[in-house]
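Working notes, beginning with the structure itself.
All of the numbers you see were taken from the coordinates with simple rules; none came from a lab. In this text the structure is predicted, and so the values were computed from the model without any measurement. Here the Cβ positions follow ideal geometry from the backbone for every residue, glycine too, while neighbour counts run over all protein chains shown.
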Amino acid sequence: FSWEMVQKEKHDMLHLLDFPYNGETRPQYLLGDGKITSNMHHFIRNHGGVPDIDEDAFELEIGGLVNHPIKLSMKDLKDPSKFPQAEVTVTLQCSGTRRREQIEVYPGDGDELINAPWGEGAIGTAVYRGVPLKKVLKIACGGILPDAKHLEFIGADTYFKKGEVFNYAVSVPWRKVRNNEEVLLAWEMNGEPLPKIHGGPLRMVITGYIGARSCKWVYRINALEEPSQGPVQRAEYLYYTQQIGKQNVKISNGFSIQAMPVSSAIIAPSSGDVIIHDGMIMLKGWAYSGGGNWVERVEVSPDGGHVWYAVPQDNMTKKHYHAWRLWEIALPVDAEGWLEFCVRTWDSSNNTQPTYVRSAWNWDLHVTSSCHRIKLYSVN
Ligand code: MTE
Ligand code: MO
C-alpha cells in the first residue's frame with residue numbers, strides 16, 4: 001500500500017504521519033454536508049500498513065468459546081436470507097482527539113506513533129451497513145459459551161513493537177455486543193463499499209466506544225474469558241491517574257478505555273483568527289457523547305467560561321444515540337481584543353466536561369474531554 005494510493009483515495013487531509021498513514025479531517029469538512037463526513041475526508045488512524053485483501057477469497061473465522069466455530073465468506077455475510085442487515089449512523093472518535101491540548105500541558109512519552117498530536121478532527125460520522133455481530137454469533141455459531149466474557153477482534157494488518165510483529169488485536173466485553181444490535185460487522189460506508197483504508201472489505205463498528213475498538217480488516221473473532229492479550233489491548237489505550245508519569249508508569253496502573261465520554265469542540269473560527277464584526281460572532285462545532293448517551297445541550301461562553309449561552313436546539317442537528325450533533329450560534333460580543341471562547345456539553349446522563357485541560361491530563365494523553373478553548377481577536 002503506497003502513499004500515492006492515499007493521495008489518490010484521499011486528498012486535502014491534515015497529514016499527521018506518512019507511515020503508518022494517519023490523517024486528520026480538515027475543519028471545513030467536519031462541518032460539511034449535514035451530519036455526515038464524506039469518505040474522502042473522514043479521518044484515518046492506522047498502526048501499520050493497509051492490507052490489500054481480495055474480497056472473493058476473504059474469510060471471516062469465528063472461534064474460541066462459541067458453540068460452533070465457523071468460517072464465513074463475504075458472500076455469506078452479505079446474504080440477507082442468512083443474516084438480517086442493518087444500517088447505523090455512527091460517530092467514530094479516536095481517543096487521541098484534541099491530544100494537542102494535553103501535549104501543551106506536558107507531552108508524556110512523546111511517542112508520535114502511539115501519541116499522535118491530533119487536533120479536533122480525529123472524529124467523523126458515517127452511515128455503516130452490515131450485519132449485527134450479535135446476530136452472526138447467534139445464527140452462525142449457535143451462541144457463545146457461558147464462560148466467554150470478551151470478544152476479540154484481529155485485523156489483517158501488522159505492526160512492529162519492541163522488535164516483534166503483531167496483528168492489530170483488541171477486545172470489547174461480550175455484554176456490549178449482547179446488549180447492542182447496532183454493533184456491526186460492516187462492509188459499506190456512506191453507501192459505498194467500505195474503502196480499503198477504512199478497513200475494507202470488513203470492519204467492526206462499535207458504537208459509543210473509542211475508535212480503537214472498531215477493528216479494521218477484521219478476519220478473526222474469538223470469544224474469550226479474558227480481554228485480548230494483544231499489545232494494543234494490553235498496553236495501549238489505557239487511562240492513567242495523574243500521579244502516573246515516567247517514573248512509575250506500568251500497564252497494571254492503567255485501566256482500559258472503552259466508552260467515550262461527552263466532549264465537544266469549536267471548529268470555526270480557528271483559534272488565533274481576527275474577527276471584524278458588528279456585535280455578533282458566529283461559532284460552529286461538534287458535540288458528542290459515547291456509551292449510548294446522546295447530546296442534550298451545548299453551551300458556549302465568550303469570556304473564558306463566566307457567562308454561558310445555550311445553543312438553541314434548532315441550531316443543532318438532531319439528537320442521536322450514536323452520532324454527534326453539529327451546532328452553531330451567533331454570540332453577542334461587545335469586548336475588543338483577545339477573548340477566550342469555550343464550549344461545554346451535557347449528555348443524556350447529565351454528564352458534562354472538565355473545565356480545564358489540566359484536569360483531563362493523563363500520561364498517554366487520551367480522551368481530552370475538557371472544555372475546548374480558543375482565542376479570537378475581536379474588532380467591534
Ligand atoms: N483496526 C486495525 N486493524 N488497525 C488499526 O490500526 N486503528 C484503530 C481503529 N481500528 C486500527 C483499527 C483506531 S485507533 C481508530 S481511531 C479507528 O480504527 C479509526 O478508524 P478510521 O481509520 O476508519 O477512521
Ligand atoms: Mo484511535
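Listing for the model above:
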| quantity | calculated |
| --- | --- |
| Under 28 Å from the Cα of Lys250 - lysines, other chains or at least 8 residues apart | Lys149, Lys161, Lys162, Lys176, Lys216 |
| Cα gyration tensor category, rounded, prolate or oblate, for the stretch 263-379 with a/c compared to 1.5 | oblate |
| Compactness relative to 2.2 N^0.38 Å, alpha carbon Rg of the stretch 220-323 | 1.55 |
| Exposure proxy order (Cβ contacts within 10 Å, fewest to most) of Ile276, Ile62, Ile251 | Ile276, Ile251, Ile62 |
| Alpha-carbon Debye profile of the stretch 3-256, log10 I(q)/I(0) at 0.08, 0.09, 0.11, 0.14 Å⁻¹ | -0.31, -0.39, -0.59, -0.97 |
| Sequence of Glu182, Glu328, Glu104 once ranked by neighbouring C-beta atoms within 10 Å, starting from the fewest | Glu104, Glu328, Glu182 |
| Taking the convex hull of Cα positions in the stretch 170-278, its mean projected area over all directions (nm²) | 12.0 |
| Which of Gly254, Ala268, Leu31, positive extreme of dipole for the chain (C-beta unit charges) | Gly254 |
| The chain, helix-only ellipticity at 222 nm - DSSP H runs n ≥ 4, -39,500 (n - 2.57), divided by all residues, nearest 500 | -2500 deg cm²/dmol |
| Among beta bridges that DSSP assigns inside the chain, antiparallel share in %, nearest 5 | 90 |
| Cα gyration tensor, the stretch 155-202 - rounded (a/c under 1.5), prolate or oblate | oblate |
| Loop-located trypsin sites (Lys or Arg not before Pro) in the stretch 239-308, at most 10 other Cβ atoms within 10 Å (DSSP) | Lys246, Lys250 |
| Of all DSSP beta bridges in the stretch 263-379, antiparallel share, percent nearest 5 | 90 |
| Residues Tyr168, Tyr321, sorted so that the one with the fewest Cβ neighbours within 10 Å comes first | Tyr321, Tyr168 |
